[in-house]
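As structure tokens, the structure follows; a few thoughts come after it.
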Amino acid sequence: MTLAVELLRALKAHGAREIFGIPGDFILPFFKHIEGSGILPLVSLSHEPALGFAADAAARMNLGLGVVAVTYGAGALNVVNAIAGAYAEQSPVVVLAGAPGAAEGHGGLVLHHQVRHLDSQWRIYQEITCDQVRLDDPLTAPGLIARALRRCREYSQPVLIEIPRDMADRAMEAVPMLPPSPVVQAAVDECAEEWLTRIRAAKAPVLVLDVEVRRFRLEEKVAELARRLDLPVLTTFMGRGLLADAGLDVRGTYLGVAGDPEVSRLLDDSDLPVMLGAILSDSNFGVSAQRMDFRRALIAAHREARVGHHVYHDIPLADLVDALLARVAPSALARPASAPPHVPRGLLSDDAPVRAADLSMALNDCIESYGRIPIASDIGDCLFAAMELSPTPLAAPGYYASMGFGVPAGMGMQVTSGERTLILVGDGAFQMTGWELGNCRRYGLDPIVIVLNNQSWEMIRAFQPESQCAALGDWRYADLANVLGGDGYRARTRAQLKWALDTAFTSGGRFQLIEVMLPAGDCTPTLARFSEGIRALRARANVT
């Protein structure tokens, strides 16, 4: 078989369901095999950053691999920001990038799409991928592909696979499926014993869950571990929506000074936070009422387990969870159920102007009436609105915080799962990638898109109210929806919002866009608390 076909088969065997790609001359020979083989469907969007966001969200949704195919230089470098976000937030995306063939680059002329060196693309991707391979030899290519795909899965981070233009048609052996990387079981066992000793000695331990719990398919096992250890459970800002299907009493999402005080106190007052899969970022823990001392925590993430001042290296999270479960018997005593986390409901359907605080009430009413729906959120106030929703699968750039994620992410989630998605996006982010909705008609996608339109970058205004650079103007997105192949509605009152949502949730076949008109300066209560808390913490830091 050819190198291209064997690569496609290996991608599918490792969990890829589709390829998001834009053709270019250096990758065209490979695209011919994508289309001719039918091994993985090709989904073409309009701009490379959207490919990366869509593939990232597809990987988060299907718990497999997201795949991007782009040309050399101009294509691969245009998707860098989205891949950087996937690297930061640990999403397993494979970047298939074209590259010059063996005879190219030696003719005395600089190649088109070349930056500084022929290897500039490779060097840049070393910063944002956990492995890089170039398939320039059919004899070594199978092993290189196998190594890269295993590393992508084991670290849940992007990898780069360069395909020189003259290699796609070359004959190649099948790609082997490598066994998991070896782990020292004695180290895993010792770590589990030390963790359990600390947990049993603690007065107020709390289990804190983040993205790796889902990335490595551990939600059911972690839920069982929480039951056996009888620990209260929180999710991080980025882990919102975890264990939504596990039947476990999750107390809420930790938002520090911006969140529910009772939820925040569970972590702030704990003498032993037990953090599984946590990214120690400012968005997760930078809003604590006091500076968090992670030396008092047990932390397992990125194939490491921390206990106080020392670290166990090369400890996969799944292995540690299994070792803990093996040492803790099922409990006959169930923790008394606490009240479920409060979420706002009961929108008044009247002629009062719609406010940002109304959105979560309206959406929770819809979730109660029509059932849960996967959500893709952009960064900004729309993500803080998502924090006020009933637990449901959620993909969002909570740490890397790149604008433009929401629309292509929601499309990628529906492509890979077949489930209709709800997209939350602000008008600023919509201006970046919202036009990808024009591709929905080609692929039979019908997401529900909520555009929060306050004619500004409200997240910027929340932190620096005096700035004038956040003003955007009124682009009338609902009117544009019809041109792009969907249906658009403008909601200025709460009654109009309820009608538009009911219409959107009961209408299928075309994307539904609801433009929610908000007054300038208005924001959700959660964002208001978050920005106030951040300003207070910064002021306190400046004083000390």
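The values are calculated or read from the model by the stated rules, or taken from the named source; none is laboratory data. Source: prediction; values computed, not measured. Because the Cβ atoms are built from the backbone with ideal geometry, glycine has one as well, and the counts that use them run over all protein chains shown.
Residues that are out of contact with any helix residue (DSSP H, G or I) (no Cβ under 9 Å at 6 or more places or on another chain) and not in a loop (DSSP other than H, G, I, E, B) were ranked within the stretch 362-389; the one that is farthest from ARG240 (Cα to Cα) is GLU368. Selection within the stretch 1-26: residues that are under 20 Å from ASN81 (Cα atoms) and among the aliphatic types (A, V, I, L, M). The member of this set that is surrounded by the fewest Cβ atoms within 10 Å (Cβ to Cβ) is ILE22.
Just one of the listed residues (ALA192, ALA226, ALA146, ALA187) is of a type in the set (Gly, Ala, Ser) and modelled with pLDDT under 95, namely ALA226. Residue under question is ALA462, and the condition is that it be more than 20 Å from MET432 (Cα to Cα), modelled with pLDDT of 75 or more and part of a helix (DSSP H, G or I); does it hold? Answer is no for this residue. The numbered conditions (1) touching a residue at least 12 places away in the same chain (Cβ under 8 Å); (2) assigned to a loop (DSSP other than H, G, I, E, B); (3) within 30 Å of ASP56 (Cα to Cα) are all true for GLU224 except (2).
The set of residues from the stretch 1-32 being farther than 23 Å from ARG150 by Cα and either outside any loop (DSSP other than H, G, I, E, B) or touching an Asp or Glu at 6+ places or on another chain (Cβ under 7 Å) (or both) comprises ILE22, LEU28, PRO29, PHE31, LYS32. Go through the stretch 220-265 residue by residue and tally those that are on the phi > 0 side of the Ramachandran plot and of a type in the set (Asp, Glu). The number of residues fulfilling the criteria is 1.
For the stretch 389-405, enumerate the residues that are touching a Ser or Thr at 6+ places or on another chain (Cβ under 6 Å) and either under 20 Å from ILE19 (Cα atoms) or surrounded by fewer than 20 Cβ atoms within 10 Å (Cβ to Cβ) (or both). Within the stretch 389-405, GLY404 is the sole residue that qualifies. Which is charged (D, E, K, R), closer than 18 Å to LEU8 by Cβ and surrounded by fewer than 18 Cβ atoms within 10 Å (Cβ to Cβ), of ASP169, ASP137? The unique qualifying residue is ASP169. Checked against the criterion of being under 26 Å from LEU480 (Cβ atoms), more than 16 Å from the chain's Cα centre (by Cα) and surrounded by fewer than 21 Cβ atoms within 10 Å (Cβ to Cβ), the stretch 409-423 contains one or more residues that satisfy it. Filtered by the rule that a residue be in a helix (DSSP H, G or I) and out of contact with any strand residue (DSSP E or B) (no Cβ under 8 Å at 6 or more places or on another chain), the stretch 227-261 gives ARG227, ARG228, GLY256, VAL257, ALA258, PRO261.
If you scan the stretch 267-304, which residues turn out to be more than 13 Å from GLU212 (Cα to Cα), of a type in the set (A, V, I, L, M, F, W, C) and either assigned by TED's automatic domain parsing to the domain that holds GLU89 or surrounded by 21 or more Cβ atoms within 10 Å (Cβ to Cβ) (or both)? Residues satisfying the conditions are LEU267, VAL274, PHE285, VAL287, ALA297, LEU298. Looking across the stretch 144-165, the residues that are part of a helix (DSSP H, G or I) and under 22 Å from ALA278 (Cα atoms) come down to ARG150, ARG151, CYS152, ARG153, GLU154, TYR155.
Here is a check on your reading of the model: is TYR155 in the same structural domain as PHE31 (by TED's automatic domain parsing), in contact with a strand residue (DSSP E or B) (Cβ under 6 Å, 6 or more places away or on another chain) and surrounded by 17 or more Cβ atoms within 10 Å (Cβ to Cβ)? Considered against the rule, which asks whether it is in the same structural domain as PHE31 (by TED's automatic domain parsing), in contact with a strand residue (DSSP E or B) (Cβ under 6 Å, 6 or more places away or on another chain) and surrounded by 17 or more Cβ atoms within 10 Å (Cβ to Cβ), TYR155 comes out as no. In the stretch 398-414, what residues are out of contact with any Leu (no Cβ under 8 Å at 6 or more places or on another chain) and within 18 Å of TYR87 (Cα to Cα)? Those that are out of contact with any Leu (no Cβ under 8 Å at 6 or more places or on another chain) and within 18 Å of TYR87 (Cα to Cα): TYR399, TYR400, ALA401, SER402, MET403, GLY404, PHE405, ALA409, GLY412. What do you reckon, is ARG165 out of contact with any Pro (no Cβ under 9 Å at 6 or more places or on another chain) and either of a type in the set (Lys, Arg) or assigned by TED's automatic domain parsing to the domain that holds ALA10 (or both)? Judged against the criteria, ARG165 is not a match.
Of all residues in the stretch 517-525, at least one satisfies being at pLDDT 90 or above, under 28 Å from the mean Cα position of the chain (by Cα), closer than 20 Å to ALA356 by Cα and in a strand (DSSP E or B).
A quick yes/no check of all residues on (1) part of a loop (DSSP other than H, G, I, E, B); (2) within 22 Å of ARG441 (Cβ to Cβ); (3) among the hydroxyl-bearing types (Ser, Thr, Tyr):
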{"position": "PHE53", "(1), (2), (3)": "no, yes, no"}
{"position": "VAL67", "(1), (2), (3)": "no, no, no"}
{"position": "GLY85", "(1), (2), (3)": "no, no, no"}
{"position": "SER91", "(1), (2), (3)": "yes, no, yes"}
{"position": "GLU104", "(1), (2), (3)": "yes, no, no"}
